[in-house]
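Engineer: Before I ask anything, here is the structure I am working with.
The values are calculated or read from the model by the stated rules, or taken from the named source; none is laboratory data. Values in this document were obtained by computation on a predicted structure and should not be read as measured data. Cβ sites come from the backbone with ideal geometry, for glycine too, and all protein chains shown count toward neighbours. Quick note on the areas: whole protein, heavy atoms, side chains included, nothing else; ligands and nucleic acids left out. Shrake-Rupley method; radii C 1.70, N 1.55, O 1.52, S 1.80 Å.
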Amino acid sequence: MDAILLDGVSYRYPNQDRLALSDVSLRVKRGESVFITGRSGSGKSTLARAVTAVIPSMMGGEMDGTVRVMGRDTDSLTPGDLAADVGYVFQNPESQFFTLNVNSEVSLGPDTLQLDKREELVEDALRRVGMEHKRYESVFNLSEGEKQRVAIASQLSMSPEILLMDEPTSNLDQGSTDDLFSVLKNLRDKTLILIDHRTYRVPEVFDRVVVMDEGMIVEETDTDNLLDPEFRERYGLRSPSPGFNQRSCGGRGLRPSSKVSTPPETKQDPVLRVMNISHTQGDFRLDGVNLDLWRGEVLGLTGPNGSGKTTLARLIVGLIKPEMGEIRVEGTAGLVMQDPDHQLFMDTVKREITFGLDDYSDGDVEDLLETMKLHQLMERHPHSLSGGEKQRTLISVYLFRKPDLIIMDEPTTGMDLDNMKRLAGWIGKLKGMGVAMILISHDMEFLQMVADRTIMMDNGALVLPDHEVAGADSVSTCLR
């Protein structure tokens, strides 16, 4: 019996003309590990929703063809009916947390399903993801990587045959990604499905790659082909290069920095001045941070999960106030948050872009959406979009307004290579207009495209390599 069988599956979301899936057929054997990738909006997440019975049972729409999971036809099933067969891990683990501590979260599924030997199932799930020592920790005190492992454990505790993960590495630093793949290596008794744009370490764990485009499967082959530049170029896939590894420095070769910028030859004032700020949040402290940023400068800000990058961004735009020090911004500033669902609130993409603006040209809106590959989606509800499409919509909101300073927190989350290049092109245009930008990212491939210089945060402080930082390559070299 196959773990998953899709035969001639087509699906159209409610009130949409375009098919999200078009005659998709796929067979996944029990115990097989399959990596599903492709351009943003190609149908990957829709395929996952079909396998988990989210469509059509929860979202409606029109669906044809057959989907079978562990031999059961899903046309009359709900996600709850499949909970014991398919564990579904979301991109953002917090969006699937229901309780306050690790033990309660991992116990919730077995308790709800009234499974036998629930205590043993919970202990085994925590052991398999290496989180038994955090069993009674608050989920809010965990790092992003630890939260992702708890999300996996909460699914494993229900003993599913299939573990399906949708973009689980998108918000993780490389160390946390390495930890995640170490966990996956120990789950080869499961049927593993990974949906992601990033290809780092995939050939080590996954047998087969399925490439999707425009709602169709366009390639099925061995994952070793992901190492072939011509194969990746053909389908617009990301490079498997690790970029950097925070752990390889082990703290050596880095020094705290009180001054991390050199003024340009022109004598203009900086658009941003961060002067000796400190801020405490729980057990974490941002301490003595100084930073200058000039008009038209693109700064890459990287470092491990939990090092203080997002806290610094929120301080700069005034969402939280520093305990000590001063922040000055000359002009207007905008923050593109890591999770676009927190900032998207209008009922169409076009209205999201133009909200609050009276003096704008429809042609300018359409030009921007065309460039960001959102033109065909301009009348779609933003929350019906894929993760990458949501991210591009939110970024477009700020690109259209052109503030003096834009901070983007993990802007390439859910983004394929083509759309990353489009974003890089817009960053170049804004740079030419004098807009200053801070790009918070673990994505060194992206930072190497766009950043004038790249600095790191570690344990609440800005740090530099012992040599001068001139761009993302310097940080990458130090940290490999």
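Engineer: Largest first, how would Thr280, Thr332 line up by accessible area (1.4 Å probe)?
Structural biologist: Result of the area sort, largest leading: Thr332, Thr280.
Engineer: With θ set to phi - 60° and the Karplus curve 6.51 cos²θ - 1.76 cosθ + 1.60, what are the ³J(HN,Hα) couplings of segment 425-442 in order, to the nearest whole Hz, using x for Gly and Pro?
Structural biologist: My calculation for segment 425-442 gives x, 5, 4, x, 5, 5, 4, x, 8, x, 6, 8, 9, 10, 10, 8, 7, 8 Hz in order.
Engineer: Also, quick follow-up: With r defined as the distance between the Cβ atoms of Asp75 and Thr99 and R0 fixed at 35 Å, what FRET efficiency is calculated, to the nearest 0.05?
Structural biologist: Details: r = 32 Å, r/R0 = 0.92.
E between Asp75 and Thr99, to the nearest 0.05, is 0.60.
Engineer: For Asp404 and Glu323, calculate 0.36 nm times their separation in residues minus their Cα-Cα distance, and state this gained length in nm to one decimal. List each step's numbers first, then the result.
Structural biologist: On the way: separation 81, 0.36 × 81 = 29.16 nm, distance 2.52 nm.
Taking 0.36 nm per residue and subtracting the Cα distance, the gain is 26.6 nm.
Engineer: Something else now. At a Förster distance of 30 Å, what's the computed FRET efficiency of Glu366 paired with Asp64, Cβ-Cβ distance as r, to 0.05?
Structural biologist: Values: r = 33 Å, r/R0 = 1.09.
Step by step, r from the Cβ atoms, then E = 0.35.
Engineer: For segment 163-228, report the % of Cα-Cα distances exceeding 13 Å.
Structural biologist: Working: 1426 of 2145 pairs.
Percent of Cα pairs beyond 13 Å in segment 163-228: 66.
Engineer: Ignoring ligands, DNA and RNA, what percent of the 1.4 Å accessible area of segment 267-380 is carbon and sulfur? Walk me through the numbers before you get to the answer.
Structural biologist: Values: 2480 of 5650 Å².
Carbon with sulfur: 44 percent of the solvent-accessible area.
Engineer: Report the one residue of Leu237, Val54, Met449 whose Cα lies farthest in the direction of the positive end of the charge dipole of the chain (charges on C-beta: Lys and Arg +1, Asp and Glu -1; origin at the Cα centre).
Structural biologist: Positive-most Cα among the choices belongs to Met449.
Engineer: Now, a different point. How big, in percent, is the set of alpha carbon pairs in segment 272-463 lying more than 22 Å apart?
Structural biologist: Values: 8366 of 18336 pairs.
That fraction is 46 percent.
Engineer: What does the accessible area of Asp367 come to, in Å² to the nearest 10, when a probe of 1.4 Å is used?
Structural biologist: 100 Å²
Engineer: Something else: Could you point to the residue in Ala151, Pro403, Leu184 farthest towards the positive end of the chain's charge dipole, with +1 and -1 charges on the Cβ of Lys/Arg and Asp/Glu respectively?
Structural biologist: The one lying farthest along the dipole's positive direction is Pro403.
Engineer: Scaled to the compact-protein estimate 2.2 N^0.38 Å, what is the alpha-carbon radius of gyration of the chain, rounded to two decimal places?
Structural biologist: Details: Rg = 22.7 Å, N = 480, 2.2 N^0.38 = 23.0 Å.
Ratio of Rg to 2.2 N^0.38 Å for the chain: 0.99.
Engineer: Here is a follow-up. Treating only the Cα positions of segment 2-235 as identical point scatterers, give the base-10 log of I(q)/I(0) from the Debye formula at each q in 0.07, 0.14 Å⁻¹.
Structural biologist: Listed by q, the Debye log ratios stand at -0.22, -0.89.
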